[in-house]
Amino acid sequence: MRLFKTLIVEDNVSFRQTLLEILAARFPFMSIEEAGDEDEAFQKIDLFSPDLIFMDIKLPGENGLQLTQKIKTKNSEVVIIVLTSYDFPEYREAAYRYGANHFTVKGLSTNEEILALVESILEDSGFAADGSAQGNPS
């Protein structure tokens, strides 16, 4: 059975761990990996081939928007949710311009809103709401 794979790219360890715990509790069959910077993110992407990436904008080294653009150039199918603490229109516009599928503001989006977004992405990808394969997804 193929599991839905999610990568959390976030340099704040406590936020990353909290998001992982929230996702793991709601989606028990989802496979979740973490990365704290660009290098680790690329290693995980190559080895793990995620279906969904949560991408922080502010990362050590290259920013999450540039990283989003590089990832989307290599794999346009991966869904990227940009996460940021900064709710500025120019950040939102830039996120979409760089290829992000969704834009979420830390602290403004509730856990339930984030989980509902992930459920929607799962359904669109042909997976069950718990992150397990439904039917015969590609």
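Computed quantities for the displayed model
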quantity: Cα-based Rg of region 5-124 normalised by 2.2 N^0.38 Å, two decimals; calculated: 0.95
quantity: Segment Leu108-Gln134, extension gain: residue separation times 0.36 nm, minus the distance between their alpha carbons; calculated: 6.2 nm
quantity: Test item: Cα-centred dipole of the chain, Lys/Arg +1 and Asp/Glu -1 on Cβ, debye; calculated: 240
quantity: Extension gain (nm, one decimal) between Asn75 and Asp39, 0.36 nm per residue minus Cα-Cα; calculated: 11.3 nm
quantity: Chymotrypsin sites (Phe, Trp or Tyr not before Pro) within region 40-102, DSSP loop, no more than 11 other Cβ atoms inside 10 Å; calculated: Tyr86
quantity: Across Lys44/Lys70; Lys72/Lys106; Lys5/Lys74; Lys44/Lys106; Lys74/Lys106, pairs whose alpha-carbon gap is larger than 21 Å; calculated: Lys72/Lys106; Lys44/Lys106; Lys74/Lys106
quantity: Nonlocal amide H pairs with Ser132, under 5 Å, H built at 1.01 Å; calculated: Phe29
quantity: Per-residue [θ]222 nm for the chain (sum of -39500 (n - 2.57) over DSSP H runs n ≥ 4, rounded to 500); calculated: -13000 deg cm²/dmol
quantity: Folded to 0 to 90 degrees: helix 13-26 orientation relative to the chain principal axis, Cα; calculated: 20
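Every read-out reported here was derived from the displayed coordinates using simple, explicitly stated rules and does not represent laboratory data. What you are looking at is a predicted structure, and each value in this text was computed from that prediction instead of being measured. Every residue, glycine as well, gets a Cβ built from its backbone with ideal geometry; the counts of neighbours run over all protein chains shown.
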